[in-house]
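S.K.: Encoded as structure tokens, here's the structure I'll be asking about.
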Amino acid sequence: MGFNLDPCLDILFNTVGILVVITALALVSASDVSLVLESLPMLRETEKEPVFFECARGGIAPLDVETLRGRLTEGWPQPTFHNLPKLADMANARDVEDQYYDCRVEMEDFFGIQRSLNFIYELKDDAPLELDASVGKPGSPFVARLRECDPGRQFAYFVVRPDGINAFRMARRAAAAEGFESGWLARPYYWRECPEWGCLHAGKYGATKCAECGASLAAPVSFGAGGVTPGVQ
Amino acid sequence: MARRRNPSAGELVSLFPFLSVLACVVSLLVFVVATVGLIALRNPEGVTLQIPRATAAGVEREPVFVECDVDRIIIYPEQTVVAREDLADESAAFQALLKRVAKEKDRRYILLAVRPKAFDFAQRVIRMVEEAEVGVGSEPVEEGPKLRFQVSDSR
């Protein structure tokens, strides 16, 4: 006497069919994501000191501006218009770096009437970035760095690259959980508008050199005259 | 001697080949759904930005949403497009928006949703908004998905 498996199979395939439909519906609704911000994102000035981080390549790196700058400028005499080129050479001869950044000083000369120094911090290719998945988790170096700081006196400031958006979101959430205010600066890898004084040619997105004047369009983290004042939002 | 043939033996239809095909089709469907789902999750159709109306200190502002893309900005909710080179044009919609929001600057501010390819351009837009003495905020959003905005009253 043979077994009739038909009813059992009917039930099985109906169940599988319903599961497929439910999965499809769930995926369609899940493909619309929500970004919930925890505070009103309006830029404002603050008297607190920024603690810098760079979010790039899917991770985050601490940028210890004070220490690196201190090593670049150690033993400098009072900067004047005439000694700026010498000071820049002096700083660059020191090859200042840490495990994340190479640092240098560049002098800008505006037609021989005005000079200023820019402190450039370039993230190393082999910098040991903390990947976004671990930011804010137990043992996170980012959180450890924040815990050395005072949320009453300092705030977290993120320089965010196009491939560091997710790391920035994770880090901002972790910083808020530690009681820190935060701000961010959008920074491309390459400028579209040529930064060369008098050129300002806007080329194609991602171009590394200006098609008009040949100047480099690289946009490292730079501290100098005419920049953005870090604020919180 | 010839054996007697069981009359019912020839009428038995085996369902197994049919079931095999069915099982293959179902497996294929599951595979297709899983693949489509993964692609959908990696490339979401839309992103909804949920913005609280007030700070912890109770300061309330109504955001005016502006999307900052590689060569243009888009002013919401009308989705008015202003090209990068027309931003400073006094007759363009962006300048009109700045003037409108400046009149209500204690109540409103401009929130920029910044696409990755507009990271340099956004700095220029922020500067222009600040020069108009209008409050400004910004939020990075990934390339691709359509944007929707939602203002929530509670934090």
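What follows is calculated from the coordinates using simple rules that are stated; it is not laboratory data. Because the structure is a prediction, the values reported are computed rather than measured. Positions of Cβ are backbone-derived with ideal geometry, glycine not excepted, and every protein chain shown enters the neighbour counts.
S.K.: Tabulate in residue order the Karplus-calculated ³J(HN,Hα) for the range B:116-131, using 6.51 cos²θ - 1.76 cosθ + 1.60 with θ = phi - 60°, rounded to whole Hz; enter x for Gly and Pro.
M.R.: Residue by residue, the range B:116-131 yields x, 6, 10, 4, 7, 4, 4, 4, 5, 5, 4, 4, 5, 5, 5, 5 Hz.
S.K.: Residue by residue through the range A:123-134, what is 3J(HN,Hα) from phi via Karplus (6.51 cos²θ - 1.76 cosθ + 1.60, θ = phi - 60°)? Round to whole Hz and write x for glycine and proline.
M.R.: Using θ = phi - 60°, the values come out as 5, 6, 4, 9, 4, x, 5, 8, 5, 4, 5, 9 Hz.
S.K.: Now for a different question. Can you sort B:THR48, A:THR229 by how many other beta carbons sit within 10 Å, fewest first?
M.R.: Values: B:THR48 16, A:THR229 9.
Lowest to highest Cβ neighbour count: A:THR229, B:THR48.
S.K.: Still on this structure, please answer the following. I need the GluC sites (Glu not before Pro) found in the range A:72-110, filtered to DSSP loop residues with at most 11 other beta carbons within 10 Å of theirs.
M.R.: Working: sites: A:GLU74, A:GLU97, A:GLU106, A:GLU108; in loops: A:GLU74.
When the GluC sites (Glu not before Pro) of the range A:72-110 are filtered for loop state and at most 11 Cβ neighbours within 10 Å, A:GLU74 remain.
S.K.: In what sequence do A:CYS149, A:CYS8, A:CYS194, A:CYS199 fall when counting other Cβ within 10 Å, fewest first? Present the calculation step by step, with values, prior to reporting the outcome.
M.R.: Numbers: A:CYS149 17, A:CYS8 10, A:CYS194 22, A:CYS199 14.
Ascending Cβ contact count within 10 Å gives the list A:CYS8, A:CYS199, A:CYS149, A:CYS194.
S.K.: Under a plain spin-label model, where a point goes 7 Å from the Cα along Cα-to-Cβ, how far apart in nm are B:PHE31 and B:VAL70?
M.R.: About 3.5 nm, to one decimal.
S.K.: Give, rounded to the nearest 20 debye, the magnitude of the charge dipole that chain A has about its Cα centre when Lys and Arg contribute +1 at Cβ and Asp and Glu contribute -1 at Cβ. The partial results should precede the final answer.
M.R.: On the way: 22 positive and 32 negative charges, 47 e Å.
Magnitude of the dipole: close to 220 debye.
S.K.: How large is Rg over Rh for the protein assembly as shown, taking Rg from the Cα atoms and Rh as the Kirkwood inverse mean of 1/r across Cα pairs?
M.R.: On the way: Rg = 29.2 Å, Rh = 24.9 Å.
On the Cα set of the protein assembly as shown, Rg over Rh gives 1.17.
S.K.: A further question on this structure: Can you give the log10 of the normalised intensity I(q)/I(0) at q = 0.13, 0.18, 0.23 Å⁻¹, computed with Debye over equal Cα scatterers of the range B:22-136?
M.R.: At q = 0.13, 0.18, 0.23 Å⁻¹ the computed log10 ratios are -0.60, -0.93, -1.32.
S.K.: Rank the residues A:ARG104, B:ARG107 as a footprinting-exposure proxy: fewest other Cβ atoms within 10 Å of their Cβ go first.
M.R.: Working: A:ARG104 18, B:ARG107 11.
With the fewest neighbours first, A:ARG104, B:ARG107 line up as B:ARG107, A:ARG104.
S.K.: Only helical DSSP H runs with n ≥ 4 go in: add -39500 (n - 2.57) per run for chain A, normalise by residue count and round the 222 nm mean residue ellipticity to 500 deg cm²/dmol.
M.R.: Rounded to the nearest 500, the figure is -8500 deg cm²/dmol.
S.K.: When only Cα pairs under 8 Å and 6 or more residues apart are kept, what is the percent relative contact order across chain B? Could you put the intermediate results ahead of the total?
M.R.: Details: 190 pairs, mean separation 42.8, N = 155.
Averaging sequence separation for qualifying contacts and normalising by length gives 28 percent for chain B.
S.K.: Further, regarding this structure: So what are the ³J(HN,Hα) numbers for the range A:105-112, from phi and the Karplus equation (6.51, -1.76, 1.60; θ = phi - 60°), rounded to whole Hz, Gly and Pro as x?
M.R.: 10, 10, 9, 9, 10, 8, 6, x
S.K.: Could you work out how much longer the chain between A:GLU38 and A:HIS82 gets when fully extended? Use 0.36 nm per residue separation minus the Cα distance between them, nm to one decimal.
M.R.: Details: separation 44, 0.36 × 44 = 15.84 nm, distance 4.94 nm.
Separation in residues times 0.36 nm, less the Cα-Cα distance, equals 10.9 nm.
S.K.: Just want to confirm a number: the relative contact order over chain A, from Cα pairs under 8 angstrom separated by 6+ residues, in percent. Show your work: numbers first, answer last.
M.R.: Working: 363 pairs, mean separation 50.5, N = 233.
Contact order relative to length: 22 percent.
S.K.: Placing +1 at every Lys and Arg Cβ and -1 at every Asp and Glu Cβ, with all other atoms neutral, what dipole size does the range A:122-225 have around its Cα centre, in debye to the nearest 20?
M.R.: Values: 13 positive and 13 negative charges, 52 e Å.
Using only the charged Cβ atoms, the result is roughly 260 debye.
S.K.: Counting helices only, and only those DSSP H runs with n ≥ 4, report the 222 nm mean residue ellipticity of chain B as the sum of -39,500 (n - 2.57) divided by its residues, in deg cm²/dmol to the nearest 500.
M.R.: On the way: 3 runs with 51 residues, N = 155.
Calculated from helices alone, the mean residue ellipticity at 222 nm is -11000 deg cm²/dmol.
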